[in-house]
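Enquirer: Following this message is one structure expressed as structure tokens.
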Amino acid sequence: MTKSPQNCKVLCLECIQKAKDKFNCDVKVVVTDNARSMEKMRKELLDQDSDLIMYGCSALWLQPFGRDSTTSAITKHITVVQNYFRNHHKPLA
């Protein structure tokens, strides 16, 4: 799968739906890099859902905001996923 705006949009929408189904939450903010494909994807997502807040390339600036607004109920699920990959996936030599 290529990193085309259409493919990234589909993946983003799938992730938003999975978060809603699994964690019973609504995704309101999406952060991406500022590649041209991501800029186009953000525009297409906003055309489809104007309630989304989209940020590009400011992820490092938004990290403190995310830390302050993320509840421990969500953080524990993220930690489980991170620990799984740390403990089960070894880097290739």
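Enquirer: Here's a check for you: in region 67-80, which residue that is over 21 Å from residue 13 (Cβ atoms) and surrounded by 11 or more Cβ atoms within 10 Å (Cβ to Cβ) is modelled with the highest pLDDT? Even if it seems obvious, please write down each step before you answer.
Expert: Restricting attention to region 67-80, the residues satisfying the condition of being over 21 Å from residue 13 (Cβ atoms) are 67-73, 75-76, 79-80.
Right, trim to surrounded by 11 or more Cβ atoms within 10 Å (Cβ to Cβ) and you get 70, 75, 79.
Details: 70: 70, 75: 78, 79: 85.
If we take residues in region 67-80 being over 21 Å from residue 13 (Cβ atoms) and surrounded by 11 or more Cβ atoms within 10 Å (Cβ to Cβ), then 79 is modelled with the highest pLDDT.
Enquirer: Kindly indicate whether any position in region 46-60 is within 14 Å of the chain's Cα centre (by Cα), surrounded by 12 or more Cβ atoms within 10 Å (Cβ to Cβ), at pLDDT 80 or above and not β-branched (Val, Ile, Thr).
Expert: The answer is yes; a qualifying residue exists.
Enquirer: Hey, can you tell me all the residues within region 7-38 that are surrounded by fewer than 16 Cβ atoms within 10 Å (Cβ to Cβ) and under 14 Å from residue 57 (Cα atoms)?
Expert: 29, 33, 34, 35, 36
The values are calculated or read from the model by the stated rules, or taken from the named source; none is laboratory data. Small disclaimer: the values here were computed from a predicted structure and weren't measured. Methodologically, a virtual Cβ is constructed for each residue, glycine included, from the backbone with ideal geometry; neighbour enumeration extends over all protein chains shown.
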